[in-house]
Each structure stands twice: as structure tokens, then as C-alpha cells.
């Protein structure tokens, strides 16, 4: 076995150890992912209805709006549904994306930490005007 | 007597070379080299068609509002479908047909007529797809693809059925040819690596493509006969489309890159003037990638709400593919080590291929991590990643292969200066374009948008600039190939135009 061959085997074994090490580190964290109870009891529920090509937000008091308005410090439980095709709720500053599948209700919890306005962009191609399916989430102080 | 025989054979070969001189021979030939060249010409035609569609996409993105949203959807869909199904996959069938029988010392493929059928299914498929002008993205996610109005989607489905049939026929033919027709002395332990990748790819085609045929049929039924396989109101599920579609389309990624790796594994040793390093590691890693490739499809669906228990194994299998891929890179680089490197056009494309392969691999491992994917999925990051795979790896391997085998195929030399100009324009353009896309994705620009937030404008301009360079390079390539094919200088020895014999190497088995 020459030096290059030894180096190759060292690389393979090293990469395999790295992979299993990564798995050992990741498994406990991944368990928390998508767990709706992770932040405890939500303050209220907002129903999100996506359709070609608009967003509609329905609040607990029955009022509706085209932008998502929530207060700083709230723990908001989003219940997302689609009226027609698959859409995806994507807020890049919050680092998540939820595909909204027709026939299912998806759940996502928002922790409204920093006040401001953030873009909500549809992230699953949903027809010709997909690129116009944008609105904002507004976190008020 | 013997001399007469040889002369006769030589004339036969000479006549044979010009199969394209009459329509009759084009339509009736069953010889593997003819079919191979026909596949390559077909695939390059659709490379230019798909490339033209992508230029219109870039135009629409740079000059806001110049392309209507409806037309924009059709353009990016037809770009994707053309490049995947009408360019890359047929191009590998072309190289496979031309090279596999030569590399294993066989006279032809096992089923020559079936082979011709496999090719002749393609032109009607290309017509159906381009006449259909689908507008739902190449992934055709249900239920959008169920609701898409008009016949366009149905024509596309029928076109894809033809392509799938061709792919299965071709795959079966390669498997039988490689297993049954190897010349004495050509074994699994010494057959050229290109044959190994073609064998693995053929198994992927035969095992995965029927699933695509099935899911396309279900879509056709949903669209035309009112069944509800993907319609939740009738008890169906749109997610089932994604599972079945990606069960084919992820192995299809390996169908699109493995043969390219095979070509690179032939070109690198020839151009470094020494034997390949780690023959068996490359062969084993090819088979391993093909095998693991069946166990990763759900990584396209991290954001659809699959249970975390179901996702974790897919995530680690996906990451595990980085290991056999890394083995390949290691062996290619080790092949260069200490060689007398000849920086001809095919070698330059091969080196750029290795760089692209590393970049897409690093991007891919990040994408595989579920929490990161929540941010990156369906943004330009994915577009950058898949273009580094399909252009940086597959298309560059096609270019490398065409330049490398050009003297074998035509008996003429291509123009080296124009070849290197093509290389320079392509690589500068490509790394500009796909790196701009990478940063667009990191900034949170979703893909398939006909209009976007103003902050993404500058990167889009950079991307379009890169696309224009690639287009100029492609024109240089076209001119070079056509003019050299027609009147390029003849090579001295068509059996060994790269003078491998001087270094104790040889292209074909004895």
C-alpha cells in the first residue's frame, strides 16, 4: 500500500467517523424540530389561508387581513391551509418554510421576538403569478 | 487475398462512416456508432433549444416585465424538461452506444434493431414536449399539474412516456451487451470505468423509469378521466406525486451524472499520460452511489411535513453519498498527481468538471441538513446546486467527451484554439451565473419568480451576464464542431489520435 492509498483510506474512515459523529450530535436536536409544543401554550391561533395568488389571515376575533399582524412577545400558532394547489409559507428572516398541501392543515409556531416588517414569499411554484404572491408579517411593539 | 480482405473492410468502413449522406441510411442504420452519433446530434440540438429558452428566462428577469408571467412559466419549464430529458440523458445514451461496444471489444450492441427503436422514439417525444409547452415546472407537482388547462400537459406526458420507454429499452440493451458480449480478457475487474458507469446507470434506468411511467399514467388519468389519485377531495394525496416522482427523479440525477464521471475517468488518465489511480475504488463507488441513490428521494420533501422519524434516515443516507463521491474526487486528483498533463480542451473541461463536482457536493451536504433546508429549499440556492450538477458536471462532461472522442468519431481534428475559447467563455460564464444564483439563494430569493424584490436586481444582472458568456461559448462550440467535422485536418491515426501508445496506454482493448 503506497502513501496515496493510505491517504485515501484515512479520508474514507475519517469521513465515516464524521458522519456518525454528526448523527450523534444531531439526533437529540432534530427531535425538537417541528414540535408544536416546544414553546409551550400559544397565546392565540391565526388561520392562514393560501390561494392562487393571495394570502388571507384570520384572527381569533374573526377579523381578517392580507398581512399578518402580531405583537412582539406573542407566541402565535399558525394553522395553514390551501384552497387550491400547493403553496409554501416562507419568511426568510425567521428561517422556515412550510409547504401548504391541499387537504391538510399544517401547524407552525412563531415566536415574535424582533419588531419590524418581514416579507412572506410563496416558495412553491403555484401557477403563472407565483412571483406576485408576496405579503408581509408585521410585528408591532 | 488477405490484403484484399483488409481493403474490402476499409472501404466498408469508409462507406459506413458516411451514414448521414442519405436519408435512407439515416433511417435504416442499426450500427451502434451511427446510432450513437445520431443520439449526440439530437441531444445537442435540444441543448441549443433549451439554452435559448433559458436566455429568454434571463432576459425576462433582467428587463423586468418584458416576458409575461404565463410565458415565463412555460419557458423555465421547457428549459428544464429539454435539458434533462432531451439533452443530458440522450447524450449519455449516445456516448454509451458509441463507446461501450468498442470498450468491451464487441461488434455491436446485443439488440441492434431495438437500439434503433430506442433512438427513433426520441424525435416524436421532442416534438410532443415542445408543441405541448408545459407550464407547471419540470417537477409538475400535483395538483397544479392536474388543473393545468389545455392539451399541453397531456402532450408532455405522452412525450415523457416515449422518452421513458426509450430509456428502459436502452438500459436493458446496455446491461445485456455488457454482461454477454465482452471480448475474452475484458472482465469486471479490468473493463474501462466508462463501461462500469454505463452498467450502473442502465440498472438505474431499468429499475426507476417504470415508476415514472406509472406516476405519469396516474396523472393522465386524473386529468382526463376524473380519477382522484392526487385530489384530496376524492381521497387522493398530492404528496404521493412527490414520493413517486422523486423515487424516479432522484436516481435520474445519477443517471445524468454517472456516465459523465465515466467519461472523465477515461479522459483524465489519457491526458495525464498515466494509468487511472484506484480503478476498483472508482468502480465500487460508482455502484455504491447507484445503490444509495434509491434511498434519498425524500430529501426533496423536507418542508412538506413528513414525520421527523421518517426524514432522519433519508438525511443521513443523503450525506453518506458524499463519501463515495469524495472517493471519486480523490482518485481523479491522484490520477493527475505526477502525470505529464496535456492541457487540451477535453482536459480543461475535465478539470473544471472536478471543481464543479466539489462545489455541488458541498452545496448538497448543506441542503441535506433538515433545519438549513427550511431556509434554502425552493430558493435560488437549489437552482445553483442543480445547475452545478447538470451544467458544471453533466454538460461539461458532454463537452469534454465530444472534444476527446471527436477525432475517433470523425477522423478529423477539432480546432484547439476555438475549443479553448469555448472553454474560457463557458467556465467564466458558468461560475459567474451559478455563484450569483448561490448568493441569491442565501439572500432568500425564491425560485420560479417572474418578478422579485428590488434588492435581488444586481445579482440577477450578474447571472444574466454569465448566461450570455455561456451562450457565446456555445456558438463557438457549434461552429468549431461543424466546421471541423466538414473540413478539419485529418488525424494521422484514427485508432490513436491522442498518441497514447507513446506512453504505454491504449484506448480500445485488443
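A few notes on this one:
- Between the stretch B:141-188 and the stretch B:375-427, the alpha-carbon center distance in angstrom: 23
- Estimated at 0.36 nm per residue, the fully extended path between residue B:443 and residue B:55 surpasses their Cα-Cα distance by 137.4 nm.
- Label-point separation, residue A:3 to residue B:275 (7 Å along Cα→Cβ), nm: 2.1
- Fraction of alpha-carbon pairs over 20 Å apart in the stretch A:44-140 - percent: 28
- Shielding of peptide A:6-18 by partners, expressed as the average count of other chain Cβ atoms within 10 Å per residue Cβ, is 3.
- Eigenvalues of the alpha-carbon gyration tensor of the stretch B:289-380, scaled by 5 and square-rooted, set the equivalent ellipsoid semi-axes at 33, 14, 9 angstrom, largest first.
- Length-normalised contact order for the stretch A:44-140 - Cα pairs under 8 Å, 6+ apart - percent: 32
- At 1.002 mPa s and 20 °C, Stokes diffusion of the stretch B:168-287 via Kirkwood alpha-carbon radius, µm² per second: 129
- Compared with the direct C-alpha span, the chain from residue B:287 to residue B:472 gains 62.9 nm at full extension, assuming 0.36 nm per residue.
- Computed over the Cα atoms of the stretch B:426-495, pair by distinct pair, the Kirkwood hydrodynamic radius stands at 14.5 angstrom.
- Taking the average, over residues, of other Cβ atoms within 10 Å as the packing measure, peptides B:164-173, B:484-493 rank B:164-173, B:484-493 from highest down.
- Based on Cα contacts under 8 Å between residues 6+ apart, the stretch B:425-510 shows a relative contact order of 36 percent.
- For A:11, B:417, the sequence from fewest to most other C-beta atoms within 10 Å is B:417, A:11.
- Among the residues of A:84-96, the average count of other protein chain beta-carbon atoms within 10 Å of the residue beta-carbon is 5.
- Mean-position separation - Cα centroids, the stretch B:62-108 and the stretch A:35-104, in angstrom: 39
- Kirkwood hydrodynamic radius of the stretch B:332-471, Cα pairs, Å: 16.3
- Over chain A, dividing the summed -39,500 (n - 2.57) contributions of all DSSP H runs of at least 4 residues by the number of residues returns a 222 nm mean residue ellipticity of -7000 deg cm²/dmol.
- Size of the protein assembly as shown: Rg and Dmax of its alpha carbons, in Å, are 26.0, 101.
- Rounded Å value of the spacing that divides the Cα centres of the stretch B:277-320 and the stretch B:466-508: 36
- A convex hull fitted to the Cα coordinates of the stretch B:137-217 yields 94 cubic angstrom per residue.
- The mean sequence separation of alpha-carbon pairs under 8 Å and at least six residues apart, normalised by the residue count of the stretch B:120-166, gives a relative contact order of 57 percent.
- When B:335, B:156 are arranged by Cβ crowding within 10 Å, least crowded first, meaning fewest neighbours, the order is B:335, B:156.
- Alpha carbon convex hull of chain B, volume per residue in cubic angstrom: 150
- The mean number of Cβ atoms from other chains found within 10 Å of a Cβ in peptide B:331-342 is 1, as a whole number.
- Footprinting exposure proxy ranking of A:71, B:328, B:113, fewest other C-beta atoms within 10 angstrom first, gives B:113, A:71, B:328.
We did not get these values from a lab; they are worked out from the coordinates using the rules stated. Quantities reported herein were computed from a predicted structural model and do not represent experimental measurements. Virtual Cβ from ideal backbone geometry, glycine too; neighbours counted across all protein chains shown.
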